[in-house]
Amino acid sequence: MTTLVFGHKSPDTDSTGSPIIWAWYLTEVLGTPAKPVLLGEPNTEAAFVLKHWDLAKPEIIADVSASDTCWIVDTNNPAELPASINDANVVGIIDHHLLVGGIKTKAPIDITIRPLACTATIMHDLIGDALSRAPRAIKGAMLSCIISDTLQFRSPTTTPHDRAVAENLAADLGVAIPELADALFAAKSDVSAFSDAELLRMDSKEYTVAGKDLRVSVLETTAPAVVLDRKASLMASMSTVAAEDGADQVLLFVVDIIKEEATLLVPNDLVKQMAEASFGVTVTGDTVVLPGVMSRKKQIIPALKL
């Protein structure tokens, strides 16, 4: 039986690359046949990574069944996983997010959750010396995941270990981190082909705060004006997306990678109240700039309140 390896819905670079890395390790090192799969189309940056390192795009699946054996990577949140995840045979979780709870397993499993910036960094440590056997593309995917999740070490989630692993991988591959980062961020910033609804769901996670079900969306970009020029239509689409997804509100944070700040779109009084309560700001228009805010995991989600 082949083990499925997947990350969260709306797959970014880490949730696209890490399943590929771990499926390689399970198959080639541990002798456990495995294949990476995705829970949706990869975002533009993740698609660039696949093409850049000549990696095949994993199959996209809609759900799992009781007959499936699964490894979960880059999440432990049931809201970000297939609807039938608790029916499947989950055998392991590798993650770097807070523990949400709610996943039920058929037996004791292997869980590794560490306070690092990237799942791929954890995998680097778990794979150990066997990484020397990895193809160039696997190491390249690992490096790309770390650069992406750390925003080239700008994110406050970055640890010295994440940086050291990335620098060692880059040296091994003969890759200049600034050049690869520029290419990754250019791909991430190219959102012209996406509808407003697609942008609001592209890099989003579901959370409940003060009894409100939220879809918290983040768009990381080196060209924030491209997104902010669409703010009127994006805000108009929020109610539709929220209704379709069973949420009370969509929050959209546009993260400027270069200036190291986030702009929150403020379409109504609920978001205004939440912004002021959460970030100690005064909102006077339909946007508010949050200096230094770059990480949903470390700076946005823990701060949200009403």
Next on the checklist: Restricting to the stretch 78-95, name every residue that is touching a strand residue (DSSP E or B) at 6+ places or on another chain (Cβ under 7 Å), modelled with pLDDT of 95 or more and not charged (D, E, K, R).
Outcome noted: L81, A88, N89, V90, V91, G92, I93, I94
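What residue, of A183, A171, A210, A164, is in the same structural domain as P224 (by TED's automatic domain parsing) and surrounded by fewer than 20 Cβ atoms within 10 Å (Cβ to Cβ)?
On the way: A183 fails: in the same structural domain as P224 (by TED's automatic domain parsing); A171 fails: in the same structural domain as P224 (by TED's automatic domain parsing); A164 fails: in the same structural domain as P224 (by TED's automatic domain parsing).
None of the others qualify; the one that does is A210.
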Checklist entry - If you scan the stretch 58-92, which residues turn out to be touching a residue at least 60 places away in the same chain (Cβ under 8 Å) and among the charged types (D, E, K, R)? => result D68, D74, E80
Item to check | helices (runs of 4 or more DSSP H) completely within the stretch 211-306 that count 3 or more residues being of a type in the set (G, A, S) | outcome: 231-245, 269-279
Checklist outcome for this item: (1) touching a residue at least 24 places away in the same chain (Cβ under 8 Å); (2) in contact with a helix residue (DSSP H, G or I) (Cβ under 9 Å, 6 or more places away or on another chain) all hold for R154 apart from (2)
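Could you list all residues from the stretch 179-194 that are within 21 Å of the chain's Cα centre (by Cα) and not in a loop (DSSP other than H, G, I, E, B)? Even if it seems obvious, please write down each step before you answer.
Applying the first criterion (within 21 Å of the chain's Cα centre (by Cα)) to the stretch 179-194 yields 180-194.
If the condition is that a residue be within 21 Å of the chain's Cα centre (by Cα) and not in a loop (DSSP other than H, G, I, E, B), then L180, A181, D182, A183, L184, F185, A186, A187, K188, S189 are the ones that fit.
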Checklist outcome for this item: Counting only residues that are out of contact with any Asp or Glu (no Cβ under 9 Å at 6 or more places or on another chain) and of a type in the set (D, E), the stretch 227-279 contains a total of 6
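Do you know which of the residues in the stretch 79-94 that are within 20 Å of L214 (Cα to Cα) and more than 15 Å from the chain's Cα centre (by Cα) is surrounded by the fewest Cβ atoms within 10 Å (Cβ to Cβ)? Show your work before the answer.
Just the residues of the stretch 79-94 that are within 20 Å of L214 (Cα to Cα), to begin with: 79-83.
Still in the list and also more than 15 Å from the chain's Cα centre (by Cα): 82-83.
Working: P82: 22, A83: 10.
Looking at residues that are within 20 Å of L214 (Cα to Cα) and more than 15 Å from the chain's Cα centre (by Cα), I get A83.
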Next on the checklist: Filter the stretch 283-297 down to the residues that are in contact with a Leu (Cβ under 7 Å, 6 or more places away or on another chain) and either over 16 Å from L228 (Cβ atoms) or touching a residue at least 60 places away in the same chain (Cβ under 8 Å) (or both) and list them by number.
Outcome noted: M294
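Evaluate the following for R201: is it in the same structural domain as S144 (by TED's automatic domain parsing), in a helix (DSSP H, G or I) and not β-branched (V, I, T)?
On the way: in the same structural domain as S144 (by TED's automatic domain parsing): no; in a helix (DSSP H, G or I): yes; not β-branched (V, I, T): yes.
No, not satisfied.
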Checklist entry - Just a yes or no: is a residue in the stretch 56-69 hydrophobic (A, V, I, L, M, F, W, C), under 19 Å from the mean Cα position of the chain (by Cα) and assigned to a loop (DSSP other than H, G, I, E, B)? => result yes
Checklist entry - Does the stretch 160-172 contain any residue that is without any contact (Cβ under 8 Å) to a residue 60 or more places away in the chain and not in a helix (DSSP H, G or I)? => result no
Checklist entry - Has the stretch 260-282 got any residue that is surrounded by 17 or more Cβ atoms within 10 Å (Cβ to Cβ), of a type in the set (V, I, T), in the same structural domain as M238 (by TED's automatic domain parsing) and over 19 Å from K205 (Cα atoms)? => result no
Item to check | The listed residue being touching a strand residue (DSSP E or B) at 6+ places or on another chain (Cβ under 8 Å), within 18 Å of A137 (Cα to Cα) and surrounded by fewer than 21 Cβ atoms within 10 Å (Cβ to Cβ), out of K51, K57 | outcome: K57
Item to check | Residues of the stretch 95-153 that turn out to be of a type outside the set (F, W, Y), buried (at least 17 other Cβ atoms within 10 Å of the Cβ) and part of a loop (DSSP other than H, G, I, E, B), as a count | outcome: 9
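The values are calculated or read from the model by the stated rules, or taken from the named source; none is laboratory data. Model, not experiment: these values are computed from the prediction. We place every Cβ from the backbone using ideal geometry, glycine too, and count neighbours over all the protein chains shown.
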